[in-house]
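Q: Before we start, here is the structure in question, set down as structure tokens.
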Amino acid sequence: MSVRRQLILFGCILFVTTLCTAQPKLVLEKQEIDLGTVYNGAIVKARIKLTNGGTDRLMIESIRTSCGCTTVKQPKTELKPGETDALEVEFNSSGFRGTVKKYIHIETNDPANQYVSVTLSTNVKEELEPINQFKFLWFGDLAIGKSSTLTYTLKNIGNSKMSIKNVRKVYDKLSVEYDKKTVAPGDTVVVRVSVIPSRVGYFNEAFTLETDSKNQPHVPILVTFVGVNR
């Protein structure tokens, strides 16, 4: 075999070998992120770096979260070898208490690690805390068009007095009243909540007490009920 043919054959073998061994590789900056301690109602942000540490294009097939409380700004769908992008994450702590763990699931074309997960952990605390520790107000079955009322008592477990400045809500058939505007440390405030179902079906609503507290300026309270014909 001539030298020229040997070189051509060697080149073809090298090309095929390189083609067969070229692979994408997902490299995560970290797979566990501690968001620290936050107050109920706060929105916490984090960034996760994604790098293609392989020799072929890395395709980001899908990104899913384990809960609607966690949202993700999609990164690039394709990363060249050596290229890096950031996954921007937001966690809404409304309605949570204590230790919370949420997950982000990433699917790529990395043949060695197609599915990976990132864990977000945080500790959610409150300054204005419900005395019964309930996470939401459950009204049960309610007749359409008829008003129903429940009370919700909150205690200031902080070290400073706080004032309720406003109530923010979306559902127009939900009304909120409270027996005092300023709550001293150790004192309680009684919140009176009234709702009127507008249709048949399950309702998952919420309202927020806006306060002057630096720690917990937003106190979210969830309200659920079922509208029925009676």
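The values are calculated or read from the model by the stated rules, or taken from the named source; none is laboratory data. Keep in mind that this is a model prediction, so the values were computed, not measured. Glycine gets a Cβ as well: all are built from the backbone with ideal geometry, and neighbour counts include every protein chain shown. The accessibility values were calculated without ligands, DNA or RNA, using every heavy atom of the protein model including side chains. Shrake-Rupley method; radii C 1.70, N 1.55, O 1.52, S 1.80 Å.
Q: Out of all the residues in the range 173-230, which are in contact with a Leu (Cβ under 7 Å, 6 or more places away or on another chain) and either assigned to a loop (DSSP other than H, G, I, E, B) or among the aromatic types (Phe, Trp, Tyr) (or both)?
A: Scanning the range 173-230 gives PRO197, PHE207, GLN216, PHE225.
Matching residues to (1) open to solvent by less than 50 Å² (accessible area, probe 1.4 Å); (2) at pLDDT 90 or above; (3) within 25 Å of ASN204 (Cβ to Cβ):
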position: GLY36; (1), (2), (3): yes, yes, no
position: ALA42; (1), (2), (3): yes, yes, yes
position: MET59; (1), (2), (3): no, yes, no
position: CYS67; (1), (2), (3): yes, no, yes
position: GLY82; (1), (2), (3): no, yes, no
position: ILE104; (1), (2), (3): yes, yes, yes
position: ASN109; (1), (2), (3): no, yes, no
position: VAL124; (1), (2), (3): yes, yes, yes
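Q: Any idea which of VAL190, VAL170 is loosely packed, with under 14 Cβ neighbours inside 10 Å, β-branched (Val, Ile, Thr) and over 21 Å from ALA143 (Cα atoms)?
A: Numbers: VAL170 fails: over 21 Å from ALA143 (Cα atoms).
Result of the check over VAL190, VAL170: VAL190.
Q: Looking at (1) at pLDDT below 90; (2) open to solvent by 60 Å² or more (accessible area, probe 1.4 Å); (3) over 18 Å from THR119 (Cα atoms), find the lone condition where GLY95 falls short.
A: (2)
Q: Would you mention how many residues in the range 70-87 are in a loop (DSSP other than H, G, I, E, B) and of a type in the set (Asp, Glu)? Please lay out each step first, then the result.
A: Within the range 70-87, the first condition is being in a loop (DSSP other than H, G, I, E, B), and the residues that meet it are 74-77, 80-83.
Then drop every residue that is not of a type in the set (Asp, Glu), which leaves 83.
Residues meeting the conditions: 1.
Q: Look at VAL176 and say whether it is open to solvent by 20 Å² or more (accessible area, probe 1.4 Å), on the phi < 0 side of the Ramachandran plot, free of Cβ contacts under 8 Å to residues at least 40 places away in the same chain and not acidic (Asp, Glu). Reasoning before the result, please.
A: Values: open to solvent by 20 Å² or more (accessible area, probe 1.4 Å): yes; on the phi < 0 side of the Ramachandran plot: yes; free of Cβ contacts under 8 Å to residues at least 40 places away in the same chain: yes; not acidic (Asp, Glu): yes.
Yes.
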